[in-house]
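Novice: First, the structure itself, so that you have it in front of you.
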Amino acid sequence: MSYKGKFRVWRGDSEGGELKDYEVEVNEGEVVLDVIHRLQATQTPDMAVRWNCKAGKCGSCSAEINGMPKLMCMCRMNTFAEDEVVTVTPMRTFPVIRDLVTDVSFNYQKAREVPAFKPPADLKPGEYRMQQVDVERSQEFRKCIECFLCQDTCHVIRDHEENKESFSGPRFLMRVAELDMHPLDAADRQHAAQEQHGLGFCNITKCCTEVCPEHIKITDNALIPMKERVVDRKYDPLVWLGNKIRRR
Ligand code: F3S
């Protein structure tokens, strides 16, 4: 069973562009990426699209489908009516390189700003020991495929370019939370989360959680617990007293 699907795809580059209409064959069982590939193969050989595994694991084919940040390879065509126009646009939060491909280097910059795992000074490699129960919470965050859909959807940077310098975004705040939950990490993640990575900008809208293709509970399991620990520490009377004495 195949039909002619109606597609509207953004074509252009960093100078500007527009939505263009196409009719493309759609077959049973296909996903949006299949149709984009057919469009490229039959009508628009110069159309730029980034993809790799086509199995929802490489995080490369992120785009916006009818305005929703999604992986093109995980978005089934049978979720649309046959006469529905499917609009495919590049991620809005990052600069366009060409067509559906954006420059996501902002995310690599933010990744570099998170200091690596820091084991206690008296432990040597090979001496690290921890219990499964102690790492269970943070293991969920290791499922991240770095598709950056959470970064794309978060309004703190989607609508405010000026916040990009001070806000690392949900993916990297989750990384900070993961390290903070690590039983052997000795770095001060809580102060850094607030002061260097902009945790305070997050107002818990949960849009990041909604678009995560790995169904990681970014807000409930990483960001909110991190906020609670930061606040606990900030308003802990003993910490406050210690800081005051040290400042004298
Ligand atoms: Fe943004 Fe997620 Fe917070 S979308 S505002 S980081 S809950």
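Novice: Can you quote the Å³ per residue value for the convex hull of the Cα atoms in the stretch 90-248, rounded to an integer?
Specialist: 143
Novice: Further, regarding this structure: Note down the accessible area of VAL32, probe 1.4 Å, to the nearest 10 Å².
Specialist: Surface open to solvent at VAL32 totals about 0 Å².
Novice: Please go through the residue pairs LYS143/LYS164; LYS6/LYS54; LYS57/LYS143; LYS206/LYS234 and name each one whose alpha carbons sit more than 18 Å apart in this structure. Could you put the intermediate results ahead of the total?
Specialist: Values: LYS143/LYS164 25 Å; LYS6/LYS54 22 Å; LYS57/LYS143 9 Å; LYS206/LYS234 24 Å.
Those over the limit are LYS143/LYS164; LYS6/LYS54; LYS206/LYS234.
Novice: Which distance in nm do the two modelled labels at GLU82 and THR205 give, with both placed 7 Å along the Cα-to-Cβ direction?
Specialist: Here the modelled spin labels are 3.8 nm apart.
Novice: What is the stretch 145-248's relative contact order, in percent, from Cα pairs under 8 angstrom and six or more apart in sequence?
Specialist: 28
Novice: What is the packing order of peptides 113-123, 167-177, 51-61, taking the mean over residues of other C-beta atoms within 10 Å and listing the highest first?
Specialist: Ranking the peptides 113-123, 167-177, 51-61 by packing returns 167-177, 51-61, 113-123.
Novice: Then there is this: Could you please put PHE141, PHE80 in sequence from largest to smallest accessible area, using a 1.4 Å probe?
Specialist: Descending accessible area places them as PHE80, PHE141.
Novice: Once you keep just the Cα pairs under 8 angstrom separated by 6 or more residues, what percentage relative contact order results for the chain?
Specialist: 16
Novice: Then there is this: May I ask you to rank ASP220, ASP21, ASP180, ASP99 by accessible area, largest first, using a 1.4 Å probe over the protein chains only?
Specialist: Most to least solvent-accessible, the answer reads ASP21, ASP220, ASP180, ASP99.
Novice: Here is a follow-up. So for LYS164, LYS217, what's the accessible-area order with a 1.4 Å probe, most first?
Specialist: I get LYS217, LYS164, largest accessible area first.
Novice: Can you give me the solvent accessible area of HIS37 with a 1.4 Å probe, rounded to the nearest 10 Å²?
Specialist: About 40 Å², ignoring ligands and nucleic acids.
Novice: Put +1 on the Cβ of each Lys and Arg and -1 on the Cβ of each Asp and Glu in the chain; which of VAL231, GLY29, ASN78 then has its Cα farthest toward the positive end of the dipole?
Specialist: Going by the charge dipole, the pick is VAL231.
Novice: Under the Karplus relation 6.51 cos²θ - 1.76 cosθ + 1.60, θ = phi - 60°, what is the ordered set of whole-Hz ³J(HN,Hα) values for the stretch 195-201, x standing for Gly and Pro?
Specialist: Taking θ as phi minus 60°, the curve returns 7, 9, 10, x, 4, x, 5 Hz for the stretch 195-201.
Novice: Continuing with this model, one more query. TYR128: accessible area at probe 1.4 Å, nearest 10 Å²?
Specialist: 80
Novice: Show that you can apply the helix-only estimate: for the chain, add -39,500 (n - 2.57) for every DSSP H stretch of four or more residues, divide by all residues, and state [θ] at 222 nm to the nearest 500.
Specialist: Calculated mean residue ellipticity at 222 nm is -9000 deg cm²/dmol.
The values are calculated or read from the model by the stated rules, or taken from the named source; none is laboratory data. Note that the coordinates shown come from a computational prediction; the quantities given were computed from them, not determined experimentally. Neighbour counts run over all protein chains shown; Cβ positions are idealised from the backbone, glycine included. Ligands, DNA and RNA are excluded from the accessible area calculation, which covers all protein heavy atoms including side chains. Shrake-Rupley method; radii C 1.70, N 1.55, O 1.52, S 1.80 Å.
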